[in-house]
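One structure is given below, encoded as structure tokens.
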Amino acid sequence: SSLVNVGVSGYALTRLVGRPRVPYRDIGAQVAASLVMFAAVLAGRGAVPDTLGWTFVLVGVGAAVYVGVLLALSARVRRKAAGAAPVDFGL
């Protein structure tokens, strides 16, 4: 019954507001950034001791790699990040 409800609701919403545009390029950039982050964390995992402190370092490195790759690949994300920043980057 829940599946039927979701299907009917989705159909009604599509009829009301139209079919949404799926940003495939942005989703692809996020997937690519996550794969690069995974590789960086996996490589770092074997290079550092297995302690809580180094785990935090690897999490920080992974986050920085993800953000850096995503900003490099996606103009849309760059514009949104620049718009949210407290200073004007002129983008």
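The values are calculated or read from the model by the stated rules, or taken from the named source; none is laboratory data. From a predicted model like this one, the values you see are computed outputs, not experimental measurements. Note: ideal-geometry Cβ built from the backbone for every residue, glycine included; neighbour counts use all protein chains shown.
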Considering the stretch 74-91, residues that are hydrophobic (A, V, I, L, M, F, W, C) and surrounded by fewer than 14 Cβ atoms within 10 Å (Cβ to Cβ), and then whichever is nearest to R25 (Cα to Cα), we arrive at A75
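Residue check: is R76 in contact with a Lys or Arg (Cβ under 9 Å, 6 or more places away or on another chain) and assigned to a helix (DSSP H, G or I)?
Criteria met by R76.
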Determine the pairs where a residue that is within 13 Å of L71 (Cα to Cα), located within the stretch 22-40, has a partner that is part of a loop (DSSP other than H, G, I, E, B) and of a type outside the set (V, I, T) with Cβ atoms under 7 Å apart, the partner being 6 or more residues away or on another chain.
-> D26/S74; A29/S74
Scan the stretch 39-73 for residues that are of a type outside the set (V, I, T), over 19 Å from D26 (Cβ atoms) and either assigned to a helix (DSSP H, G or I) or touching a His at 6+ places or on another chain (Cβ under 6 Å) (or both) and report the count.
-> 16
Of the conditions (1) modelled with pLDDT of 90 or more; (2) among the polar types (S, T, N, Q); (3) surrounded by fewer than 11 Cβ atoms within 10 Å (Cβ to Cβ), S1 fails just one. Which one is it?
-> (1)
In the stretch 44-73, residues that are of a type in the set (G, A, S) and surrounded by fewer than 12 Cβ atoms within 10 Å (Cβ to Cβ) total 4
